[in-house]
1. Under 5 Å between amide hydrogens, which residues at least 5 positions from GLY169 or on another chain qualify, with H placed 1.01 Å from N in the peptide plane?
2. Please compute, for the alpha-carbon atoms of region 327-419, the extent along each of the three principal axes and give them in descending order in Å.
3. Residues with amide H under 5 Å of GLU48's amide H, sequence separation 5 or more or different chain, H placed in the peptide plane at 1.01 Å from N; which?
4. Just flag the trypsin sites (Lys or Arg not before Pro) in region 191-268 sitting in loop per DSSP whose Cβ has no more than 16 other Cβ atoms within 10 Å.
5. Please report, in cubic angstrom per residue, the volume enclosed by the convex hull of the alpha-carbon atoms of region 257-341.
6. At 1.4 Å probe size, with the rest of the protein present, what percent of the exposed accessible area of region 327-419 is carbon and sulfur atoms?
7. What is the Cα centroid distance between region 230-246 and region 1-44, reported in whole angstrom?
8. Sorting SER410, SER186, SER80 by accessible area (1.4 Å probe), largest first, what list results?
Amino acid sequence: MSSQKIQAIRGMNDILPTQTPIWQHIETTIRQVLHSYAYQEIRLPLLEATELFNRTIGEVTDIVEKEMFSFTDRNGDRLSLRPEGTAGCVRAGIEQGLFYNQIQRLWYMGPMFRHERPQKGRYRQFHQIGAEAYGLAGPDIDAEIILMTARFWRQLGLNDLELQINSLGTAAARAAYREHLVNYFSDHHKQLDADSQRRLHTNPLRILDSKNPDMQTLIEGAPQLLEHLDEPSQTHFAMLKQLLDQAGVNYRVNPRLVRGLDYYNRTVFEWVTQKLGAQGTVCAGGRYDTLVEQIGGRATPAIGFAMGIERLVLLLDAEMPNNAPHIYLITVGDEGMQQGFRLAETLRDAIPKLRLLTHCGGGRFKSQFKRADKSGAKIALVLGEDEVAKQQVTVKYLREKQPQLSLAQSDLVHYLKENFFSDS
Ligand code: ATP
Ligand code: MG
């Protein structure tokens, strides 16, 4: 038997108990905002047919070309771990009939998988929270979605994210623009890096998205999609900007924002931070009005976005919420242990918000106090022989200078509610 240690798969992280409070804080905050806009949760499989992603995200995108975890299962079926949530959501919506004469506002949360080079803010298993709205074609829903994301950041206390928006127009407008772009980049073929030369005839719009600093001047000079926009898309975009202005949401029109997936049209947007280098996009989304039809559903306008939770964690890490126990319960002897168990359950019944850590495993007072201190609890409750005999409990403050006191066990709920949970 080999004794070599088995390690986690590269780019797939354990999220440890010291980290989960910030995750829970982000998830709870965002869930609450989603519900305040009446979005409903949908839960989808992690595995889908590879074909689904090829046909939605697009054959010549980074994700499908080189980032998917794909394999053949025991039946010979080609499957992939989902690299994003929209494709599965559209597949489910069509399959379950969610799009027939219905408006849907949906959200999801969970792990996504991409075989990328792991670095800060970029992993092979990462987590997204996303939302999708179906059946609404106007700029009002675009504005709603963007206002909702703005509210996420306000609720999380993130105030230095920049909103960038652009319009990609219709597929026809994009096809016309594509020709201008290919001409321009072909004229400067020598200045293109290897990636961009490859993209020139497969997916030239993606060249605009290049993060290579040497390419930036060339990209700045390229013709802009906004100049080739069809009339209805121009009107749509103008109304979106007006709605954002009226709501007091700041934005920058970034004519080079194209997004890495094929399915977008008209409105696209990203929320960007300067603090995470090339991993600066925290949240990204856009319209995809032709996707549902393209994979066999009835034509259904749609818009959605997804945010990377890891990148939010990196931005919020300093402000970890404290989820240490409020109380550490110390008991002495069998009697104490038994009475303590009953008391602890009574307290949990009476104060649902209470975080109470019961010392298990016995031991001397001193070592129990050491553990109580280490737990981060505000107070220790002590049931020694004396207390047990008199049905009392000693309250000892661990973090502040306060005299210890003795209470009847029957008065404890009242005391704790008065002093620590007066709002519940
Ligand atoms: P990037 O340009 O950073 O590669 P992307 O355009 O590939 O991002 P999307 O597919 O739009 O990203 O996914 C939405 C969000 O999910 C991103 O803005 C980011 O916050 C997060 N994300 C994407 N890929 C990863 C990853 N490999 N690790 C961590 N987070 C990721
Ligand atoms: Mg990417």
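1. ARG266
2. 31, 27, 24
3. Amide H neighbours of GLU48: SER80, ARG82.
4. On the way: sites: ARG198, ARG199, ARG206, LYS211, LYS241, ARG252, ARG256, ARG259, ARG266; in loops: LYS211, ARG256, ARG259.
Passing sites in region 191-268 are LYS211.
5. Values: hull volume 17.5 nm³, N = 85.
Dividing the Cα hull volume of region 257-341 by its residues yields 206 Å³.
6. Details: 2770 of 5600 Å².
Result for region 327-419: 50 percent of the exposed heavy-atom area is carbon or sulfur.
7. Going from one Cα centre to the other spans 36 Å.
8. Working: SER410 105, SER186 50, SER80 0 Å².
From most accessible down to least: SER410, SER186, SER80.
The values are calculated or read from the model by the stated rules, or taken from the named source; none is laboratory data. Note that the coordinates shown come from a computational prediction; the quantities given were computed from them, not determined experimentally. Every residue, glycine as well, gets a Cβ built from its backbone with ideal geometry; the counts of neighbours run over all protein chains shown. Surface accessibility is based on the protein's heavy atoms, side chains included, excluding ligands, DNA and RNA. Shrake-Rupley method; radii C 1.70, N 1.55, O 1.52, S 1.80 Å.
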